[in-house]
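Following: one structure in structure tokens, then a few remarks.
FYI, it's all coordinate maths here, none of it is from the lab. Keep in mind that this is a model prediction, so the values were computed, not measured. Glycine also receives a Cβ, built like all others from the backbone with ideal geometry; neighbour counts cover every protein chain displayed.
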Amino acid sequence: MSKLIVLIGVLNSGKGYRAERFIEDNKRFNNEMCHVNFADEVREMAWAILSWRPKNNKEYENFKNNEIWLNPTFVYYMKTTCKITGRQFLQNLGTRAVRNKYPNFWADCWLNGFKKAISEGKHVITSDLRFPNELKYTLGLKKDLMFISDIDKKFIFCDYPSENYNATDPDISERLAQRILADSFEDGQVIPEDYLTNLLNDKRFIAQFEKVC
């Protein structure tokens, strides 16, 4: 049976590091686990727009944390300013430019990557779940995705206080993880699926995301 591990946490809470550890640990048991993230295609679109691609993780981190200048055409389309950080560029591209018009676009991209991985006999780890519709996909609540219920799923909360840890970032993409943190989940704790389902049924909470998912 294929496994799906989903890591959820606020900004810089150790999700990427924990994902790499899971991948390395599975190699010891001759199990192949691959990283399939919701933002994979967001980044690919960003590199195509910028005609640039980071060579390594260090360059990618520098890109996210430093300011970049945008072509005025993209500034108008994304409703942003010319000078923003790379992280803000990715957030605006994923949400304002695409998600608001096509709510499930990135989730469908993730699903395609997930299907491909399990068809090849791999396990999947996802470390960037941020929106309710993404949670619906991974939980398998949509009728056309019920096959996911046959996958061994585990949701793990990450809350490691790294150097750039930020539990108060105002971007809407952080609200799901911030809510789980506020409900006293701790680093490494498994998040029950019943709790996540109840979050999706919390109309006041979900209303915050109406324009983006």
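Data overview
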read-out	value
Ordering of 95-107, 24-36 by burial proxy (mean other Cβ atoms within 10 Å per residue, highest first)	95-107, 24-36
Rounded to whole Hz, the Karplus (6.51, -1.76, 1.60) HN-Hα couplings of region 31-37, x for glycine and proline	9, 9, 10, 10, 8, 10, 10
Computed over the chain, the ratio Rg/Rh where both radii use C-alpha atoms and Rh is Kirkwood	0.95
Above-threshold pairs, the threshold being 24 Å between Cα atoms, out of 83/136; 122/153; 101/203; 3/64	83/136; 3/64
Mean Cα-pair separation over length for the chain, i.e. relative contact order, pairs under 8 Å, 6 or more apart, %	37 percent
Förster radius 45 Å - calculated FRET efficiency between residue 195 and residue 69, Cβ distance, rounded to 0.05	0.60
Helix-only [θ]222 nm of the chain, DSSP H runs n ≥ 4, -39500 (n - 2.57) each, per residue, nearest 500	-12000 deg cm²/dmol
